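Everything on this sheet refers to the single structure shown next.
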Amino acid sequence: MNRKTLVLSAVVAVLASVLAGCGGPGSGSDSSDVIVVGTTDPFVATAKAPAPVDPAYTYDTNTWNLLRQTIQSLLYIPRGGGAPEPDAASECGFTDTSSESYRCTLRSGLKFASGDPVTAADVKYSIERVLNISDPNGAVGLLSNIDTIDVKGDTGLVFHLKTADATFPYKLSTPIAGIIDPKLYAPKKERNGFAIDGSGPYTFQAEVTNGQMMTATYTKNPTYKGALKVANDKVEMKYFPSAEKMMAALKKGDIDVMNRSITPQQIRDMQVKPIDGINLTELPGQEIRYLAFNTNAPVVKEKAVRQAMAASIDRGDLISKVYDGVADPLYSVIPAGISGHTNSFFNKYGQPSAAKAKQLLQNAGINTPVKLTLNYTTDHYGAATAKEFANLRDQLNATGLFDISLNGEKWATFLPKKNTGKYPVFGLGWFPDFPDPDNYIAPFLDKDNILHTPYVSEEAQKELIPASRREADRSAASDTFATLQDIVADDVPMLPLWQGKQYIAARDDITGAEWALDSGATLHLWELGRGTS
């Protein structure tokens, strides 16, 4: 998951006027009608994962989008990106020049949806609960630099950090730092099921069938006090088993908005032949896709195997055959448009070359063809994922250096297998948690990496990542991030493939669609209204 800033607000403003043609919440929207949003993302509770929407457990964009509507954080990322601004807080800031002490003051009159007051002690409880549970599936790593939290009366908090971290305000804007009602969430046990209770702009109710959420209803929270302006009274999110059925519902008028996951073919079709009454909005994207490696697995333990794959894969072929027009080749773990980006993989490997890959394997004494399986999830990143992995298989096999097979599994089974090291090679997507290059580096290279792989770069963990976080001026860390990207390109613990654009389609009586989705795939349902386009 993650975000981006810089010139995004200007870009979004242009795209909004050119592509969407929709007005904002103030352009005559009628907040009394239910707005229906379609999704193909399944939300499932299983015996092994019974608490799919608990902030301490979940760490994927789809579920974080549920939480952002309902659980308030001290800070939030404003329209179009930028530095975090107060939401549950009235003000926040570092109290020292070394970025190790951070103070926040809550807004007065904050209440949970239940009507109970929100206090500084509740904020401390919420964050310490995440740290105490420390679920390996969750985003606890974003908060692990917290040493202690001091409560100052009902409204004051001071976060003391173990080491300097100029990115800490961004981390407080994410759902992992969301404020939950202590009466409804046990201190050391996750909350099973699909109940979500907080102080955010909406209350939440799920309709569940056989452990799967079919419909989520968001109702405007009358007790909400914060920075967000809610343009509707109710939003209903409906699950569809396929993008084709979701598109049919949009055309028919059964839903008003569709986002995840519009297929590349649907996007191209709407671009070539617009659908009457439906607007397609395109935004720059910071979503990335990549292969990750369990560097202890015998088949990919030798760096040369991973390097040979990096030298072989033709990103241009992948994009043209699978994601034509809706994605761009990616040659670094930090995508283009994020401060500090370099094309580190292209700089090292150049154009795809079977000869170069062969030489790498020969120099390491590795027999060919190298037999391995590419593992991917069938229901988490859209319908094109299977086609993507078939393309990668065919490319690698065509070199004669690899014997690749494929294994696709549903997210509910894929995730625990990935997290317990069952896969030597697997595909994942990453959506930024916040708009800083650190969020494309630390989750993969720092301690307790989200890949749950054994790869360690001592230079990255002990020197470079801490050095980058000491820079309050984030542009001053660009050289450090360039070195970190070069380390990834050389060691290949992960292999970046592409970065995607973001799309949202809405019927033309829906306003605010251009603001309802950001470049990191964060959904802002409160921006949607009904009125005149």
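The values are calculated or read from the model by the stated rules, or taken from the named source; none is laboratory data. Fair warning: this is a prediction, and the values are worked out from it, not measured in the lab. All Cβ positions, glycine included, derive from the backbone under ideal geometry; neighbour counts span all protein chains shown. What goes into the accessible areas is simple: the full protein's heavy atoms, side chains included, and nothing from ligands, DNA or RNA. Shrake-Rupley method; radii C 1.70, N 1.55, O 1.52, S 1.80 Å.
Points to keep in mind about this one:
- Test set (1) part of a helix (DSSP H, G or I); (2) within 23 Å of T522 (Cα to Cα) - N132 fails condition number: (2)
- Residues of segment 286-337 classified as more than 22 Å from L484 (Cα to Cα), out of contact with any Leu (no Cβ under 8 Å at 6 or more places or on another chain) and polar (S, T, N, Q), total: 1
- Residues that are open to solvent by less than 20 Å² (accessible area, probe 1.4 Å), at negative phi, outside any strand (DSSP E or B) and not hydrophobic (A, V, I, L, M, F, W, C), drawn from segment 505-530: E514, S519, G520, T522, E527
- Single unsatisfied condition, S98 versus (1) open to solvent by less than 40 Å² (accessible area, probe 1.4 Å); (2) at pLDDT below 95; (3) more than 26 Å from the chain's Cα centre (by Cα): (1)
- Residue match in segment 184-194 (condition: buried (at least 24 other Cβ atoms within 10 Å of the Cβ) and of a type in the set (S, T, Y)): no
- Residues of segment 58-83 satisfying the condition of being at pLDDT 95 or above and part of a loop (DSSP other than H, G, I, E, B): I71, Q72, S73, L74
- Among the conditions (1) open to solvent by 10 Å² or more (accessible area, probe 1.4 Å); (2) closer than 22 Å to G337 by Cβ, Y59 misses just one, which is (2).
- Residue in segment 483-493 that is within 22 Å of the chain's Cα centre (by Cα) and acidic (D, E) present: no
- Here the condition is being in contact with a Phe, Trp or Tyr (Cβ under 8 Å, 6 or more places away or on another chain), of a type in the set (K, R) and either at pLDDT 95 or above or within 30 Å of Q72 (Cα to Cα) (or both); of K251, K229, K225, K245, it holds for K229 alone.
- Of all residues in segment 205-232, those that are under 22 Å from the mean Cα position of the chain (by Cα) and open to solvent by less than 30 Å² (accessible area, probe 1.4 Å) total 5.
- Single match in D473, D438, D448, D479 (criterion: touching a residue at least 24 places away in the same chain (Cβ under 8 Å), open to solvent by 10 Å² or more (accessible area, probe 1.4 Å) and out of contact with any His (no Cβ under 7 Å at 6 or more places or on another chain)): D448
- The single residue among S468, S405 that is touching a Ser or Thr at 6+ places or on another chain (Cβ under 6 Å), open to solvent by 30 Å² or more (accessible area, probe 1.4 Å) and in contact (Cβ under 8 Å) with a residue 12 or more places away in the chain turns out to be S405.
- Qualifying residue in segment 188-196 (condition: touching a Phe, Trp or Tyr at 6+ places or on another chain (Cβ under 9 Å), among the polar types (S, T, N, Q) and within 18 Å of T70 (Cβ to Cβ)): no
- Of all the residues in segment 408-435, those that are out of contact with any strand residue (DSSP E or B) (no Cβ under 9 Å at 6 or more places or on another chain), in contact (Cβ under 8 Å) with a residue 40 or more places away in the chain and either open to solvent by 10 Å² or more (accessible area, probe 1.4 Å) or among the aliphatic types (A, V, I, L, M) (or both) number 3.
- Selection from segment 374-402 of residues that are surrounded by 15 or more Cβ atoms within 10 Å (Cβ to Cβ) and assigned to a loop (DSSP other than H, G, I, E, B): T378, D379, H380, Y381, G382, A383, A384, T399, L401
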